[in-house]
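The values are calculated or read from the model by the stated rules, or taken from the named source; none is laboratory data. Being a predicted model, the structure only gives us computed values, none of them experimental. Reconstructed Cβ throughout: ideal geometry from the backbone, glycine too, with neighbour counts over all protein chains shown. Each accessible area value is taken on the protein alone, full model and side chains, heavy atoms only, with ligands, DNA and RNA left out. Shrake-Rupley method; radii C 1.70, N 1.55, O 1.52, S 1.80 Å.
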Amino acid sequence: KVNDAVMNSLKGQPDTQVDVSVYRRSINEVLELPIIRGEVPIKSVSAYYMIDNVLGYINIERFARTTYDEFKEALSELMEKGMTSLVLDLRGNPGGFMDIANRIVDEFLEDDTLIVFTKNNKGQIEEYFATKDGAFEKGKLYVLIDESSASASEIVAGALKKHHIPVLARG
């Protein structure tokens, strides 16, 4: 595909140069343009807003290193607007960093509540507990998942469902 070839040639290390040729039909010339590559931040909290006066919505597309900070910013803004119920949308979320997912779950569960445990191939079990007063422990929460929600997003949904938080699955 032409688009894939263009994208592959533009991608590279930040602060490196790529030379781009652009054809200008109006003057019938090819212009040579040197471009310095930069970092393109990818947001993992792609949307958040109030649905009505009390119901908020947050969409998390992946659990990246910046996700917790993005989530906390969204949660705080919605709570300032009067949110008492939240729809947490994890549809299409392929997962990511488990520690980030655990920190997000921690915002909804009371102190010392088991979030998840893992068991390695040697049979050793590691448990992860809620560690502090979460920002949204008293509010109502609804979680959306689908057939594309995987890995850490499945664990988030499972941990919350275990604590009687509605998880609505499609697919």
Lone qualifier among LYS140, LYS119 - being among the basic types (Lys, Arg), within 18 Å of LEU75 (Cβ to Cβ) and open to solvent by 60 Å² or more (accessible area, probe 1.4 Å): LYS140
All positions within the stretch 93-105 that are open to solvent by 10 Å² or more (accessible area, probe 1.4 Å) and under 15 Å from LYS162 (Cβ atoms): ASN102
Selection count, the stretch 143-171, where residues are in a strand (DSSP E or B) and either open to solvent by less than 40 Å² (accessible area, probe 1.4 Å) or modelled with pLDDT of 90 or more (or both): 5
Hits in the stretch 67-97 - residues which are touching a Lys or Arg at 6+ places or on another chain (Cβ under 8 Å) and either in contact (Cβ under 8 Å) with a residue 60 or more places away in the chain or small (Gly, Ala, Ser) (or both): SER85, ARG91, ASN93, GLY95, GLY96
Every residue from the stretch 105-148 that is closer than 23 Å to ILE51 by Cα, small (Gly, Ala, Ser) and touching a Lys or Arg at 6+ places or on another chain (Cβ under 9 Å): ALA135
Residue ranges of strands (runs of 3 or more DSSP E) in the stretch 1-92 with at least 1 members among the charged types (D, E, K, R) and open to solvent by 70 Å² or more (accessible area, probe 1.4 Å): 17-24, 29-36
